[in-house]
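J.: Okay, here's the structure, questions in a sec.
The values are calculated or read from the model by the stated rules, or taken from the named source; none is laboratory data. Please read these numbers as outputs of a predicted model, since none were measured by experiment. Every residue, glycine among them, receives a Cβ derived from its backbone with ideal geometry; neighbour counts consider all protein chains shown. For the accessible areas, the whole protein counts, side chains as well, though only heavy atoms, and no ligand, DNA or RNA atoms are used. Shrake-Rupley method; radii C 1.70, N 1.55, O 1.52, S 1.80 Å.
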Amino acid sequence: MWKTIIRRILIMIPQLFVLSLLIFIMAKFMPGDPFTGLVTPDTDPNRIEELRIQAGFYDPWYEQYYRWITNALQGEFGDSYSFQVKVSTLIGERGLNTLWLSLLSVTLLYAIAIPLGIIAGRYQNSLPDKLIVLYSFISYAIPTFVLALIFLFLFGYQYPIFPTSGTVDVQYDPGTWGYFWSKVYHLLLPAITYAILGTTTIIQYLRTEIIDAKRMDYVKTARSKGIPISKVYTKHIFRNSLLPIAAFFGFTITGLLGGSVFIETIFGFPGMGQLFINAISARDYSVITALVMLFGFLTLVGSLLSDIIMSIVDPRIRIE
Amino acid sequence: MTKQVENAATTESMISSPPTGFQVIMREFKKDKLAMFSLIVLVVLILGIFIASAFIDKEQMMRISLRDKYAPPGDDFILGADHGGRSIMEQLILGAKNSILIAITITFITGIVGLVIGLITGYFGGFIDNLFMRIIDFFMTLPTIMIIIVFVTIIPKYNVTTFILILSIFLWIGTARLIRSKSLTESRRDYVSASKTMGTRNSVIIFKEIMPNLSSIIIIEMTLNFAGNVGIETALSFLGFGLPPSTPSLGTLVNYAINPEVLSTKLWIWAPASLLILVLMLGINYVGQALRRSADVRQRLG
């Protein structure tokens, strides 16, 4: 068990190294440097040049890379010139918003997908099954931004049930119940959109898994012992089919991160995805590199998490 | 009498030779009415877009006329006009043409790259296979959308060609992985071993003997990739990091809806493009799934 986990973490190190190298090279190609923002008509070009030499702008690339990566490992990504704060502070604030949004989305996603998958699998070829298969096909084919826009238009403007942007209404004070509810209320529409888009894999997996399980010997044995069919489902089939779903958790996180760029932009939600788009528009390179590095790291953690859960659930794939 | 003989002959030929790939696909589409419908809608839609785009004067279309700013659908403009008084209908047709053409180009580039890499790594195995699998593993863990956006913003001479190349760098992975696993199992078959013993060259075995056996998988994969590429291109254009402004895309039209006023009150600007994207995605994906079913004996309808 522990061997598997340690091995998986060791594999991550070279991947992270190559990713950081790639991001460093990209950052070198980005026009401008941290001092371009300081230039005013009165600045002495020689002074800027001195600053550049001081900051090691002309050092060999490997020295610059070493400096950048050691700072990055300590969470130090420099200052954001468009927001005038430390990058780590900025990402901390926005990251928390994205975290809440992701938590609610994942909860909703599982709450929608598991019952639908179970119904579709148990009552195969019935009308509900056909509707669920149709639903999962549509939610698979529809692009994120189209669904998000349609939902925002329908439930934000046409039938204004939900707020159209932001994270909380201003009239509430932090710490009160009203504040909390207003926060959840602002999260709901983007979270529902996320959840609907992510359900397909889980529904289809559960459905085929349950349909296959019906023909298994252990199900026949249970039935011939006289166990009622509903008990066979709840005590035998579902337990076997639901376990692997846990392993999808990691990949769900990865999917959420990819979608956050679109969802947060459309719903005006100040999280990391929106921050990324803003930083790109403002050419705020210290923020961009930090975010790409963080997203790359989180994607790796997502797949690590999936592998670890899988090895807990399924002992066969453990390395002894 | 002769008729009977003929009948016997046809039944015999039906028994002796299993239906070929194309016949199987035809049967699947005949059985699955919705797949047939999707295919017809797609063909009509794509042909219509290409024919109509030939009649559009691009210079005139992009001319700004402030008098027609946000003109609602009516006699002058079938689908209304945008903030510069440009016809939505014409932008829609040209945008759809660009989106489809670019998606097809990317599909072919990534398809060929993925196919060649997948076939070679799966056939030879060993060092090449290990090397490419590490590269593929690395690509799989990248935050692709973000890195594409960064690439788009830092490339100095940015145009349609570079956009296609940037996307292609990141999108061959899936095809390569799939083809590799299929080519791996195919390479262990007897006919490949027999061919090897006879001294056939590796290149001939790979491209003349293994590849034809994977043709149905290649077609399915490319159909589904085509849908995926339409989605990615329009999504990036929607964010403003896709096609350059001089080349309208379906995503560019949907992008106007970022402005809350347009989203809530000027439905004619963004809804047709969103609807067209939706129809394309649903149609291509449905056809792709029907193809996939016809390639799998257990799932076949007919």
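J.: Mind ordering B:93-99, A:186-192, B:154-160 by average Cβ neighbours within 10 Å, highest first?
T.: Peptide ranking by packing, descending: B:93-99, A:186-192, B:154-160.
J.: Name the residue, out of B:I169, B:I220, B:I277, whose mean-square fluctuation peaks in a Gaussian network model built on chain B with Cα pairs under 10 Å.
T.: Comparing B:I169, B:I220, B:I277 in a Gaussian network model of chain B, the most mobile one is B:I169.
J.: Would you be so kind as to identify all helices of chain B, as entire DSSP H runs, whose Cα atoms reach 24 Å or more along the helix's own axis and whose mean Kyte-Doolittle hydropathy is at least 0.5?
T.: Helix filter hits for chain B: B:33-54, B:88-124, B:215-239, B:267-295.
J.: A follow-up question, please. Answer rounded, prolate or oblate for the protein assembly as shown, using the Cα gyration tensor with square roots of eigenvalues a ≥ b ≥ c: rounded when a/c is under 1.5, else prolate when a/b is larger than b/c, else oblate.
T.: Rounded, because the longest to shortest axis ratio a/c is under 1.5.
J.: Moving on to the next point. Would you please give the residues with an amide H less than 5 Å from that of A:D79, counting only those at least 5 places away or on a separate chain, with H modeled from the backbone geometry?
T.: Placed amide hydrogens put A:V87 under 5 Å from A:D79.
J.: Using a Cα-Cα cut-off of under 18 Å, which lysines could be cross-linked to B:K31, ignoring same-chain neighbours fewer than 8 residues away?
T.: A:K130
J.: On average, how many beta carbons from a partner chain sit within 10 Å of the beta carbon of a residue in A:291-303?
T.: 3
J.: Okay, next question. Relative to the isolated chain, which residues of region A:270-286 have their accessible area cut by 50 Å² or more in the presence of all protein chains (1.4 Å probe, heavy atoms, no ligands or nucleic acids)?
T.: The answer is A:F276, A:I280.
J.: Reachable lysines from A:K220, Cα under 19 Å, same-chain residues fewer than 8 places away excluded?
T.: Cross-link targets: A:K231, A:K235.
J.: Hey, can you find the accessible area per residue of the protein assembly as shown for me, probe 1.4 Å, expressed in square angstrom?
T.: Per residue, the protein assembly as shown has an accessible area of 52 Å².
J.: Take peptide B:148-156, look around each residue's Cβ out to 10 angstrom, count Cβ atoms belonging to other protein chains, and average those counts.
T.: 5
J.: Can I ask one more? Dividing the convex hull volume of the Cα atoms of region B:24-301 by its residue count, what figure in Å³ per residue is obtained?
T.: 165 Å³
J.: Could you work out the mean count of beta carbons from other protein chains within 10 Å of each residue's beta carbon in A:136-144?
T.: Rounded to a whole number, the mean comes out at 6.
J.: Moving to a separate point now. For the interface of chains B and A, what total accessible area is buried with a 1.4 Å probe, rounded to the nearest 100 Å²?
T.: Summing both chains' loss of accessible area gives about 3300 Å².
J.: Distance in nm between label sites at A:I9 and A:T234, each 7 Å beyond Cα in the beta-carbon direction?
T.: Spacing of the two 7 Å Cα→Cβ label points: 4.0 nm.
J.: Using a probe of 1.4 angstrom, how much of the accessible area of region B:24-301 is carbon and sulfur, in percent?
T.: Whole-percent figure for carbon plus sulfur exposure: 65.
J.: Run the simple label-point estimate for B:N159 and B:F138 please: 7 Å along Cα→C-beta, distance reported in nm.
T.: Label at B:N159, label at B:F138, 3.1 nm between them.
J.: Report the residue, chosen from A:G302, A:G92, A:G117, that carries the largest GNM mean-square fluctuation when chain A is represented by alpha-carbon nodes joined by springs under 10 Å.
T.: Among A:G302, A:G92, A:G117, the largest mean-square fluctuation in the Gaussian network model of chain A belongs to A:G92.
J.: Oh, and also: Just the number, please: carbon plus sulfur as a percent of the accessible area of chain A, 1.4 Å probe, no ligands or DNA/RNA counted.
T.: Using a 1.4 Å probe with all protein chains present, chain A comes out at 66 percent carbon and sulfur.
J.: Reachable lysines from B:K58, Cα under 21 Å, same-chain residues fewer than 8 places away excluded?
T.: B:K69, B:K97
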